[in-house]
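The values are calculated or read from the model by the stated rules, or taken from the named source; none is laboratory data. Nothing here was measured: the structure is a model prediction, and the numbers come from that model. With ideal geometry, Cβ positions are generated from the backbone for all residues, glycine too; neighbour counts draw on all protein chains shown.
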């Protein structure tokens, strides 16, 4: 019997394990359900691997299906960015890439392993390239997942005495980052040794039945967050502080804001837990279980429309059409023509992470901060 496909200490979850050693113990036996964006990411990875192994471009795969997703222009554009980056590196260094490689961090434990997207070994230089299809921005600098693959690759290929530097690369076509869609960070072997020790200490602690829990933004995708008392207490403490929200300063509010989505996720899991109790026939004080309101789904839309047309119904009456966006219209029509028919809403503001490429908006006046300019000739 081989090793399980996913390690309890896998690379994708190691940022959480580093912060909360108890998350491994708390998550065992709990389903780590996949979701749409994760499955879409898997499809993009499969397309990328296919292109790099066959030598074709992602654009040539439009209409093909990977992991039950049909390749569209958006997926092809993102994957091609990654494929071209890998090919450029391979041409430059005259090597072939190692793709979707299982690497084991044997210097820490044989059950610490993961699958790296792309590894390049160029003499004394190791490249770890990770493709990210999501919108949540991922940093290359101090990235635990990429460093995990780096240490595991050093162990798997016995490279500790050979490699002198490690380059981590993140290719993220959908992430809005001030440094662009391709970001890199370089580590020397002293850095890698320190991280290896950090990983070793973390795994040894996480194996303990008394491994401590520590709640934070890393709880968002933890399978145990709905039943973890530490996470629940963290959510309650943030919401019900020592003073009302309208008396908090911006720094105090920023702490709560940073975890807002994590808290929503936590509360949703609690709601699911309570609903599960009710469905099991257990009493939930003050509530009762009722049938949900469900919308019927057409099993064969094309077939139904064809049958309806035969009955004399016009096709347009079966659909609620919606005009495409202004940006999409400009891809089809002259900009000047589109601008006559569209009006942009008033300028508004929103908060994004500091590493976003979008320009910051000034909220303060320059009045009184600069000396008035003296006109030439009036000195």
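One residue stands out in segment 328-355 among those that are out of contact with any helix residue (DSSP H, G or I) (no Cβ under 9 Å at 6 or more places or on another chain), part of a loop (DSSP other than H, G, I, E, B) and modelled with pLDDT of 80 or more: the one that is nearest to residue 182 (Cα to Cα), namely 355. Of everything listed in (1) buried (at least 21 other Cβ atoms within 10 Å of the Cβ); (2) under 30 Å from residue 212 (Cα atoms); (3) under 20 Å from the mean Cα position of the chain (by Cα), the single unmet condition for residue 115 is (1).
Among residues of segment 111-139 being assigned to a loop (DSSP other than H, G, I, E, B) and touching a helix residue (DSSP H, G or I) at 6+ places or on another chain (Cβ under 7 Å), the one that is nearest to residue 78 (Cα to Cα) is 133.
On inspection, residue 293 does not qualify as in contact with a helix residue (DSSP H, G or I) (Cβ under 7 Å, 6 or more places away or on another chain), more than 30 Å from residue 228 (Cβ to Cβ) and not assigned by TED's automatic domain parsing to the domain that holds residue 224.
Residue 269: at pLDDT below 85 and closer than 26 Å to residue 230 by Cα, yes or no? Here the answer is yes, as residue 269 does meet what is asked.
Checking the conditions here, which among 73, 40, 64 is touching a strand residue (DSSP E or B) at 6+ places or on another chain (Cβ under 8 Å) and either surrounded by 19 or more Cβ atoms within 10 Å (Cβ to Cβ) or farther than 14 Å from residue 132 by Cα (or both)? Spell out the reasoning first.
Working: 73 fails: touching a strand residue (DSSP E or B) at 6+ places or on another chain (Cβ under 8 Å); 40 fails: either surrounded by 19 or more Cβ atoms within 10 Å (Cβ to Cβ) or farther than 14 Å from residue 132 by Cα (or both).
Selected residue: 64, the only one of 73, 40, 64 that is touching a strand residue (DSSP E or B) at 6+ places or on another chain (Cβ under 8 Å) and either surrounded by 19 or more Cβ atoms within 10 Å (Cβ to Cβ) or farther than 14 Å from residue 132 by Cα (or both).
Selection over segment 286-325 of residues that are surrounded by 10 or more Cβ atoms within 10 Å (Cβ to Cβ), over 32 Å from the mean Cα position of the chain (by Cα) and farther than 30 Å from residue 271 by Cα gives a count of 11.
Only one of 210, 214 is at pLDDT below 95 and part of a loop (DSSP other than H, G, I, E, B). Can you tell me which?
On the way: 214 fails: at pLDDT below 95.
After ruling out the rest, the residue left standing is 210.
The set of residues in segment 304-327 that are closer than 26 Å to residue 345 by Cβ and assigned to a loop (DSSP other than H, G, I, E, B) comprises 320, 321, 322, 323, 324, 325.
Taken together, 138, 101, 79, 122 contain a single residue that is touching a residue at least 24 places away in the same chain (Cβ under 8 Å), in the same structural domain as residue 35 (by TED's automatic domain parsing) and surrounded by 21 or more Cβ atoms within 10 Å (Cβ to Cβ), which is 79.
Which of the helices (runs of 4 or more DSSP H) contained wholly in segment 9-54 include at least 3 residues that are farther than 17 Å from residue 138 by Cβ and more than 15 Å from the chain's Cα centre (by Cα)? Outline the logic, then answer.
Numbers: elements: 14-19, 22-27, 36-54.
Those helices (runs of 4 or more DSSP H) span 22-27, 36-54.
When the test is whether a residue is in contact with a helix residue (DSSP H, G or I) (Cβ under 9 Å, 6 or more places away or on another chain) and either modelled with pLDDT under 85 or not in a helix (DSSP H, G or I) (or both), residue 288 passes it. Being touching a strand residue (DSSP E or B) at 6+ places or on another chain (Cβ under 6 Å), assigned by TED's automatic domain parsing to the domain that holds residue 136, in contact (Cβ under 8 Å) with a residue 24 or more places away in the chain and under 14 Å from residue 142 (Cβ atoms) holds for only one residue in 166, 171, and it is 166.
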